[in-house]
Ligand code: HEM
């Protein structure tokens, strides 16, 4: 995708992510927030947080299963919007629902499992959002960063648990989300298992996965490798970043690899990284 | 080959039109439910403004210190699982309920069992208006001017025998009128409840002057979404104890198996008295949000009716008997 294409896509998705909030604002303006506005706003924000979190998690499996890689550049954007909506959800709870009744809220966090897991999920999202910048990828190293950011699955599981525990019987929505999350997790696990198998075979043969002697179709190894690709946006061209070899294996030169790729911009391999200049000072 | 041939008729011409539409509705409903729960299709009930007025004298003994909840809120924010689990569902879907003609069977351990037509029920005792607080188990509350008369008036009419210890209320079972009573895709109840909805009271609770056999609210007959045409209101208990759209009242000797206690026995007990220090397993009951207000309020023991009903439970452990 061209740079302009990327910018356009991201701008569009940015706008789309703000639509639920705008609708909420519109309903507030027209006095259409149901008889219990605080509940309605809490629920709406929570549900959109959940949906965006799942959307951000769906992009890698989309690539693994269908081979559609371009949406990966939206991953950070969607993840941050999920964080944004969940934060608002939390703020509504603190400010509108409990009006800063700290003792009451503290008791709820300790005593109510659905609140406990909700707060835990939010804490994890804070950590992930704080380390979501390209600078952080550099500072932590792509590999450690990727590992850290797998926590997002824990956050999603906690978020779904939160919903399942608070929802009254008869509501289907939490189980729909649980099912979606299970599928996404399953795809990632399958990818990881395959990557592990590829690595073992490669190690035994004393060669890298790419050049292993078993003549496996190249797409499989790409699939296996994608699971461990890093960077907040994970554009498909990032495979070439070379910041880290798959699971510590020597990385073979890949399509369009940039020599000294560790210093390329994490979102745009063609461009030198800003972080490089920072580090250089 | 036959199967390659374009059909010369539509399936709708083959299948009985009513069944056909029904099935389509069901399928569309199931699909809509799976994607966006609570978006199945059906008609809204008549607007409240068009409901018949129901004259009743306000009973000065049962006024409430707080002003009544707006009627728009009381008729658009309802838990009535027969129409769906979302609180917006009843106001969107209750058009299917037909509150006339209507009959209520009263039977069981009674000397004079009977079937009462709704018109007869409306004349059985003088109608009075009482303003009661309504506390939902979900920690919100309203204040509603109900119209009715003490349930005891009806019960005395059928003369309970010595064996009668409990009163069981049954809501209408009719999936045509209550769309959520239709079985789900795999034959499961979509709502998690067994139909018909069953509620119950101890006989002395049912005979208490506060327990109201209710036929109207806000000066009108009951709207469909609020349990038309006849329901009970038991103001010192959580809202789900007040059965709606009642077709059968049984006087029994054993404690009835009530709908919510059956579905989630750890969360909903038979008594379900409003009690600020007996929490729901998942949330606190210490405070509540009064619909229309911003800040939470303290929940009162027995929903503010302690002076009238506490004696019913003398010596009972209300933490165990939740
Ligand atoms: C990743 C984090 C979270 C996600 C994905 C999330 C998502 C949700 C969802 C989907 C709902 C249900 C909405 C509905 O009923 O339709 C919900 C409800 C709720 N959430 Fe969260 N939530 C998160 C964190 C939190 C936190 C940190 C708090 C507060 C400490 C919180 C408090 C609540 C409350 C009180 C409700 C229930 C509102 C009601 O009574 O209906 N959530 N949340």
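Since every read-out is calculated from the coordinates, none of them should be taken as a lab result. On a predicted model such as this, the values are computed, not experimentally measured, just so you know. Every residue, glycine as well, gets a Cβ built from its backbone with ideal geometry; the counts of neighbours run over all protein chains shown.
Things to note:
- Between region B:138-155 and region B:232-259, the alpha-carbon center distance in angstrom: 12
- Choice from B:65, B:180, B:153 with maximal GNM fluctuation in chain B (Cα, 10 Å cutoff): B:65
- Modelled FRET efficiency - R0 51 Å, residue B:282 with residue A:201, Cβ distances, 0.05 increments: 0.55
- Anisotropy class of region B:43-313 from Cα gyration tensor, a/c 1.5 cut: rounded
- Dividing the summed -39500 (n - 2.57) terms of all DSSP H runs of n ≥ 4 by the residue count of chain B sets its mean residue ellipticity at 222 nm at -4500 deg cm²/dmol.
- Additional length obtainable on full extension of the chain from residue B:59 to residue B:321, 0.36 nm per residue less Cα span: 91.1 nm
- Relative to the current alpha-carbon distance between residue B:67 and residue B:298, full extension at 0.36 nm per residue lengthens the span by 81.5 nm.
- If you plug the beta carbon distance of residue A:28 and residue A:110 into 1/(1 + (r/R0)^6) with R0 = 35 Å, you get a FRET efficiency near 0.65.
- Between B:89, B:307, B:117, the Gaussian network model of chain B with springs among Cα atoms under 10 angstrom shows the greatest mean-square fluctuation at B:307.
- Candidates B:162, B:216, B:192: whichever shows maximal mean-square fluctuation once chain B is modelled as a Gaussian network with Cα springs under 10 Å: B:162
- Tensor-based shape of region B:204-301 (alpha-carbon gyration tensor, a/c under 1.5 rounded, otherwise prolate or oblate): oblate
- Spin-label model distance (nm) - residue B:50 vs residue B:207, 7 Å beyond Cα toward Cβ: 4.4
- Chain B: angle of helix B:17-35 to the longest principal axis, Cα-based, in degrees nearest 10: 70
- Residue A:1 paired with residue B:266, simple spin-label distance in nm, labels 7 Å along Cα-to-beta-carbon: 4.5
- Relative contact order for chain B: 18 percent, from Cα pairs under 8 Å spaced at least 6 residues apart, divided by residue count.
- Zone residues, region B:292-322, relative to residue A:103, backbone N less than 15 Å from point 7 Å out along Cα-to-Cβ: B:298-299
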